[in-house]
1. Once you list every other residue whose beta carbon is under 14 Å from the beta carbon of Ser72, what net charge do they have if Lys and Arg are +1 and Asp and Glu are -1?
2. Using +1 on the beta carbon of Lys and Arg, -1 on that of Asp and Glu, and nothing else charged, what's the dipole of the chain about the Cα centre, debye to 20?
3. Evaluate the distance, in nm, between pseudo-label points positioned 7 Å from the Cα of Val57 and of Thr17 along their respective Cα→Cβ axes.
4. 222 nm [θ] for the chain, helices only, -39500 (n - 2.57) per DSSP H run of 4+, per residue, to 500?
5. Mind running the shape call on segment 37-80? Use the C-alpha gyration tensor, a ≥ b ≥ c as the square roots of the eigenvalues: rounded below 1.5 for a/c, prolate if a/b tops b/c, oblate otherwise.
6. To the nearest 20 debye, what is the magnitude of the charge dipole of segment 15-68 about its Cα centre, counting +1 on the Cβ of each Lys and Arg and -1 on the Cβ of each Asp and Glu?
Amino acid sequence: MSVVQIRGGVPRVIRETIDTTGRFYRFPFTTMHVTIRNRGGAQLQIYLTEEDFLNDVNFISLPATSASYPDSSWDGPAELCGVWMKTAAATVIAEVIAYQRRA
């Protein structure tokens, strides 16, 4: 088994523009590991369920990037089919790196 197969195959990298209205991204597979990076000057909010997104509760908050805080990211094992994201104030670029769950 190769290192790529152990990690879950070749990662899927998604770059999305996110604003205050929010956006849903559905993965074409169930993930086993996800990294989400904030590439902008506003706070990014990540929701793992639609109910949390609609009620604006239980979110992961990534602070805005700056010269003193250049890497704003969340990383961890997670079995997800999709994520909901929105910002608190402005438009940002969110980078999502997802690894497919092994069968």
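Read the figures in this text as sums done on the coordinates, not as results from a lab. Everything numeric here is computed off the predicted structure, so don't read it as measured data. Here the Cβ positions follow ideal geometry from the backbone for every residue, glycine too, while neighbour counts run over all protein chains shown.
1. -1
2. The dipole of the chain has a size of about 440 debye.
3. Output for this residue pair reads 3.3 nm.
4. -2000 deg cm²/dmol
5. oblate
6. It comes to approximately 340 debye.
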